[in-house]
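Here's the structure we're looking at; comments come further down.
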Amino acid sequence: MAPRPVRFIPEASETLIDIWAASASGSDLGAGPARAGEGLLWVTEQDLAVAQDTLGMFRQLDHAHGAGRFAGHLAAYVDDELAQLLARPAASDLVARSRGLVAAEFLELAGYQAVDAGRPGGAQDYYQRALNMSAQSGDRCYGAYLVAVNLGHLALHCEHPDIALRWARAAGDGAGTAASPGTRAAILAVEARAQARMGEEIATTRLLVRAEELLDSAVPQDEPAWIGYFTRAYLADEIAHCLHDLGRAPAARVEVADALDGVGASHVRRLAIDAALLASTWLRSGEVEQACAVAREAVGYAARTSSGRCVQRVAQFMGELASYADLPPVIELDAYVREILPAAIASVPG
């Protein structure tokens, strides 16, 4: 297999997203004849159930540990087991469509882990492949989710808020009201994040209010399984990041506290990232001692994972502390980080 790109290249996704946005619906995946005669093994619903169980296992490992220890295992599964599943003929059109969506979810998770491991170009490649699979399976709403929540967030991660905004809008327009309330709320949250990054407070507020209204109207059992994670706690995380980018530290602190309260204990990476954000809000309010106390919790969470994003977020906070380096709480925190998360010290912005 050809090596995946290292850098995020927006232009590489533009054409694909434009084609997706212009299409009325995805192309059907037919079962098709079994090439090479009757000797091939048909893909059945039982095969898909096994794949779904495997996907669930990889998701749980990712939540708890981050990408570092298990990204290689997932990539190998995608390149081997999943590739074989896609190469075999499907027992029916329904199985073919379901297989495509399962494959898209594996590729989405692989992309997310590539982000976590600091490989944005690889993440972009996985996300684009996932979008192709969702389109072939005819799931317009999942495609919109991939465009906004995955590719859009990746653009934000790579400091391209204008591109994230454009892609989130394309996703919202492409899905329309056919998407579930939870899906539409998640798409609007990405649009709000992009607006906040660009300092547009009025637009950000309008989008977040609408996202809250949509999420409040969602009926959990009617939502697609792949959006089930997007609870009020996850929206609070998005709101907190928006408020933080807009310089509204006290309001951001309220939201990130809600996010932390609603995240399960097994989602260690999310706990680490949100605790670091909470520490940053305290620092922006001039509460250095409180900021360091909360940051210590973030470091503890991060050290329990192999997540590159956790290391990056702690390193970012340590960089924010530079002007307070002589204060005792900062000295103590620095020593603690050097002891249990030395990679964060090595990654502090120069």
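The values are calculated or read from the model by the stated rules, or taken from the named source; none is laboratory data. For clarity, every value in this text was computed on a predicted model and none was experimentally measured. Glycine gets a Cβ as well: all are built from the backbone with ideal geometry, and neighbour counts include every protein chain shown. For the accessible areas, the whole protein counts, side chains as well, though only heavy atoms, and no ligand, DNA or RNA atoms are used. Shrake-Rupley method; radii C 1.70, N 1.55, O 1.52, S 1.80 Å.
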Would you mind classifying region 234-350 by shape? Square roots of the alpha carbon gyration tensor eigenvalues, ordered a ≥ b ≥ c; an a/c under 1.5 is rounded, otherwise it is prolate if a/b is larger than b/c and oblate if not.
-> oblate
Neighbourhood charge, 12 Å Cβ-Cβ cut-off, centred on ALA293 and excluding it, Lys, Arg +1 and Asp, Glu -1 | -3
What relative contact order, as a whole-number percentage, does the chain give when Cα pairs under 8 Å and 6 or more residues apart are counted?
-> 15 percent
For ALA90, which sequence-distant residues (separation of 5 or more, or a different chain) have an amide H within less than 5 Å of its own amide H, given hydrogens modelled in the peptide plane?
-> VAL43
Of LEU333, LEU207, LEU146, the one that fluctuates the most in a GNM where the chain has Cα springs shorter than 10 Å = LEU333
Vicinal HN-Hα couplings computed from phi for region 114-131 (Karplus, 6.51 cos²θ - 1.76 cosθ + 1.60; Hz; Gly/Pro x) = 5, 4, 4, 8, x, 10, x, x, x, 4, 4, 4, 4, 5, 5, 5, 5, 5
Computed magnitude of the charge dipole of the chain (debye, nearest 20; Cβ of K, R +1, Cβ of D, E -1) | 400 debye
GNM on the chain, C-alpha springs below 10 Å: top fluctuator among GLY56, GLY118, GLY300?
-> GLY56
Pull out a ≥ b ≥ c, the square roots of the eigenvalues of the alpha-carbon gyration tensor of region 119-254, then state rounded if a/c is under 1.5, prolate if not and a/b is larger than b/c, and oblate in the remaining case.
-> oblate
Could you tell me how many degrees, from 0 to 90 and to the nearest 10, lie between the Cα long axis of helix 249-262 and the main elongation axis, the longest principal axis, of the Cα atoms of the chain?
-> 50 degrees
GNM result for the chain, Cα springs below 10 Å: residue of ALA225, ALA22, ALA298 fluctuating most strongly | ALA225
Largest-first ellipsoid semi-axes for the chain, taking √(5λ) over the Cα gyration tensor eigenvalues, angstrom = 37, 23, 17
When only the heavy atoms of the protein chains count and the probe is 1.4 Å, how do ASP222, ASP93, ASP62 rank by accessible area, highest first?
-> ASP222, ASP93, ASP62
GluC sites (Glu not before Pro) in region 91-188 lying in a DSSP loop, each with at most 15 other Cβ atoms within 10 Å of its Cβ, come to GLU159
So the angle from the long Cα axis of helix 181-197 to the longest Cα principal axis of the chain, reported in degrees to the nearest 10, equals 50 degrees
Roughly speaking, what is the stretch gain from ALA49 to SER217, that is 0.36 nm per residue apart minus the C-alpha to C-alpha distance, in nm to one decimal?
-> 57.4 nm
Using the alpha-carbon atoms, what tilt in degrees (0 to 90, nearest 10) does helix 232-245 show relative to the longest principal axis of the chain?
-> 50 degrees
Net charge near ALA233 (other residues with Cβ under 11 Å of its Cβ; Lys, Arg +1; Asp, Glu -1) is -4
Roughly speaking, what is the centre-to-centre gap between region 75-114 and region 308-345 when only Cα atoms are used, to the nearest Å?
-> 40 Å
Under the rule of -39500 (n - 2.57) per DSSP H run of 4 or more residues, summed and divided by the residues of the chain, what mean residue ellipticity at 222 nm is obtained, to the nearest 500 deg cm²/dmol?
-> -22000 deg cm²/dmol
Around LEU55, what is the net charge, scoring Lys/Arg as +1 and Asp/Glu as -1 over all other residues with Cβ under 14 Å from its Cβ?
-> -4
For region 72-81, just list the computed ³J(HN,Hα) in residue order, Karplus coefficients 6.51, -1.76 and 1.60, θ = phi - 60°, integers in Hz, with x standing in for Gly and Pro.
-> x, 5, 5, 4, 5, 5, 4, 6, 10, 4
Ignoring ligands and nucleic acids, what accessible area does MET57 show with a 1.4 Å probe (Å², nearest 10)?
-> 100 Å²
By the C-alpha gyration tensor axes a ≥ b ≥ c (rounded if a/c is under 1.5, else prolate when a/b exceeds b/c, else oblate), the shape of region 179-253 is prolate
With a Förster radius of 45 Å, plug the Cβ-Cβ distance of LEU41 and ASP173 into 1/(1 + (r/R0)^6) and report the FRET value to the nearest 0.05.
-> 0.65
